[in-house]
Amino acid sequence: MQADLADPGGVEKLVEHIGGRPVDVLAVNAGDGVNGEFAGDTLCEEQLRVVDLNVRSAVHLTKRVLPMMGLARSAGRSQGRSAGQDDEARLGRGVTHEWCGR
C-alpha cells in the first residue's frame, strides 16, 4: 500500500488500511530534505513540504496509531526519527531527533 504521508489524507489512508487491527510495533521513519541554501536556493513551499513530512506526519501518524497498540495493557513499542535530516546533522548542517517509547 502506498500513501503520501506529507498529506494528512495519506496518513488517514494508512490508518484505514490498518483497519483497527492491533499494532505491535510502530516505526516512524519517513523523511526528506531539500538541497540548497535555506535562505536563497530553496522555495518556501519546498521547505514546508519537508516540515509536513518530517514533523507533522510523524505526530499525526503516531497519534492515530498509538491507541491501536494496546497501551492500556502495556503492549506495543514505538520508535521514530527524523530520517530526512540525519546526513545533514552529521555534517553539522541540520537537526536530527530520535525517540523511543513503550
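What follows is calculated from the coordinates using simple rules that are stated; it is not laboratory data. What you see is a predicted model, and the numbers here were worked out from it, not measured in a lab. Because the Cβ atoms are built from the backbone with ideal geometry, glycine has one as well, and the counts that use them run over all protein chains shown.
The charge dipole of the range 20-71, taken about its Cα centre with unit charges on the Cβ atoms of Lys, Arg (+1), Asp and Glu (-1) only, comes to about 480 debye. The equivalent ellipsoid that matches the C-alpha gyration tensor of the range 29-68 spans semi-axes of 27, 8, 5 angstrom, in descending order. Computed extension gain for R49 through N35, at 0.36 nm per residue and net of the alpha carbon distance, reaches 3.7 nm.
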